[in-house]
Amino acid sequence: MRRLERAHLAARGITHVLRVGMLPINVQDLRPYWDTFRTRHPQWKLQIQHASFVDPFAGLRRGDLDMLVCWLPVEEPDLTVGPVLFAEPRVVAVATDHELTRLTTVSLDMVADFQHANPPTWTDNWADGYVPSHTRSGRRIERGPLVHNTEEALTLASTGDLVSLFPAHMRRYWSRPDIAYLSVTDIDALPYALVWRSETENDPIRAFARVAADIGTLAI
């Protein structure tokens, strides 16, 4: 943080900035957490920002972020997993003229007939949390072209080159005229939790985790 910014914050009685990165885009849905933290701890500033889609834990490890909201499971030896904030049903993004759009809901076995977006650098277990490697019946889900952000995944889906699984809030926060979102009926809700570097845990991080635990898991 720049010296001038620190001076301005100090003049307002703010002694620390807690930077929380978001992998989901539903920032507004999590307002109960933000508002409660700010009410309980006016001496600390809460800063919400997007995290990298390609290497989401890099911001924590570089020190650019203090906490991260991301889906589970997270099995990284240097990271602590805190309370779950919400868990969402799943949808699949397809082109509006895709053959699946004749249906209102689909199964993962139906979706497995098509290639899925394939983000680089994700560890296997974390990637499988987002897009399972197999359906419940044992069919393999094929990963297609590499994508580096949500926009790329949606663009490829809109051309019919692939389909892409997402949490259901994408319907509200990322509507496009060339994309249809279909409910997937046989996949578990995707849980999102707070994560932070164990060695950098401090009072603001613990305080935010307590807020999340007190409020509990939101119904999104």
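Every number here is computed from the coordinates shown, using simple stated rules; none is lab data. Just so it is clear, the structure is predicted and the values come from calculations on it, not from any experiment. Heads up, the Cβs are rebuilt from the backbone with ideal geometry, glycines too, and the neighbour counts pull from every protein chain shown.
Pull up all non-local amide H partners of HIS50: gap of 5 or more, or a different chain, and H-to-H distance under 5 Å with H placed in the peptide plane.
MET22
On a full-extension model of 0.36 nm per residue, what is the gain between ASP124 and ILE25, subtracting their alpha-carbon distance, rounded to one decimal in nm?
Computed gain between ASP124 and ILE25 is 33.4 nm.
Semi-axes of the equivalent ellipsoid for region 170-220, please: Cα gyration tensor eigenvalues, times 5, square-rooted, ordered largest first, whole Å.
32, 14, 12
Of all beta bridges DSSP finds with both residues in the chain, what is the antiparallel percent, to the nearest 5?
60 percent
For CYS70, list long-range residues whose amide hydrogen, built 1.01 Å from N in the peptide plane, is under 5 Å from its own amide hydrogen.
ALA193, VAL195
Per residue of region 41-46, what does 6.51 cos²θ - 1.76 cosθ + 1.60 with θ = phi - 60° give for ³J(HN,Hα)? Whole Hz please, x for Gly and Pro, Karplus curve as stated.
After applying 6.51 cos²θ - 1.76 cosθ + 1.60, I find 9, x, 6, 10, 8, 9 Hz.
Tell me, what HN-Hα J-couplings in whole Hz come from the Karplus equation 6.51 cos²θ - 1.76 cosθ + 1.60 at θ = phi - 60° for each residue of region 198-204, using x for Gly and Pro?
4, 6, 9, 4, 9, 4, x
For region 90-188, take the alpha-carbon Rg, divide it by the Kirkwood Rh, and send me Rg/Rh.
With Rg and the Kirkwood Rh in hand, the quotient comes to 0.92.
Which order results if VAL54, VAL184 are arranged by neighbouring Cβ count within 10 Å, fewest first?
VAL54, VAL184
Over the C-alpha atoms of the chain, what are the Rg and the largest Cα-to-Cα span, Dmax, in Å?
Expressed in Å, the Cα Rg and Dmax of the chain come to 18.9, 61.
With θ taken as phi - 60° and the coefficients 6.51, -1.76 and 1.60, list the Karplus ³J(HN,Hα) couplings across region 26-36 in order, rounded to whole Hz; mark glycine and proline as x.
Per residue, the Karplus-derived 3J(HN,Hα) values read 8, 4, 5, 5, 9, 3, x, 5, 4, 5, 5 Hz.
How high is the FRET efficiency from ARG40 to ARG61, r the C-beta distance, R0 25 Å, rounded to 0.05?
The pair ARG40/ARG61 has a calculated efficiency of 0.35.
When the helix-only estimate is applied to the chain (DSSP H runs of n ≥ 4, each -39,500 (n - 2.57), divided by the residue count), what is the mean residue ellipticity at 222 nm, nearest 500 deg cm²/dmol?
-7500 deg cm²/dmol
Under 5 Å between amide H atoms, partner at least 5 residues away or on a different chain: which partners does ILE220 have, H built in plane at 1.01 Å?
ALA87
Only Cα pairs under 8 Å and at least 6 apart count here; give the relative contact order of the chain as a rounded whole percent.
The value is 32 percent.
When PHE166, PHE53 are ordered from fewest to most other Cβ atoms inside 10 Å of their Cβ, what list results?
Least to most surrounded, the residues fall as PHE53, PHE166.
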